[in-house]
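Accompanying notes for the structure given below.
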Amino acid sequence: MKAKTLRHLIIGLLLATGIFHLAVALIGGGDGRALALTVFGFLYIGLSFYVRADVRDGSKNRSRNAVMATVAACTAGLGLGGASYAQDGGPLALPIIFLVDIIIIAAGVWWLMKTTKKA
């Protein structure tokens with residue numbers, strides 16, 4: 001997969017999971033997690049725009065900072081949400097969100113590996 005395609009995949013998945021986070025928070029399937037879901041929903045939506053817009057961040061590989069921030073945020077979300085889910089359980093939507101986070105992390109790491117070869 002080309003680096004540009006990976007970047008577009010990351011953008012699309014971030015936007016989709018951000019909206020999904022907000023939907024779960026609004027519908028009430030979060031069981032007391034509405035604030036965290038809302039915060040991460042807006043964070044992921046913001047990151048989708050950051051990854052899209054940040055093509056001139058000063059690095060030779062374009063958008064490196066945005067993709068690294070995305071991987072860090074998704075890792076934090078996966079860790080915090082996964083720990084909460086393991087402790088208290090929750091709606092079926094949460095494992096789906098975790099799966100999307102894992103895919104975003106994998107795509108981000110793959111993008112970072114592909115673009116460092118060109119440096």
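What the table below lists for this structure:
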| item | result |
| --- | --- |
| Region 94-118, residues that are of a type in the set (D, E, K, R) and under 12 Å from the mean Cα position of the chain (by Cα) | Asp101 |
| Among (1) in a loop (DSSP other than H, G, I, E, B); (2) farther than 18 Å from Ala16 by Cβ - the single one Pro91 does not satisfy | (2) |
| Hey, Ala73 under 26 Å from Lys4 (Cβ atoms) and at pLDDT 90 or above or not | yes |
| Residue in region 38-50 that is at pLDDT 85 or above, over 12 Å from the mean Cα position of the chain (by Cα), part of a helix (DSSP H, G or I) and not β-branched (Val, Ile, Thr) present | no |
| For Gly32: the one exception among (1) part of a loop (DSSP other than H, G, I, E, B); (2) farther than 20 Å from Asp88 by Cβ | (2) |
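The values are calculated or read from the model by the stated rules, or taken from the named source; none is laboratory data. Remember, predicted model here, so these are calculated numbers, not experimental data. Cβ sites come from the backbone with ideal geometry, for glycine too, and all protein chains shown count toward neighbours.
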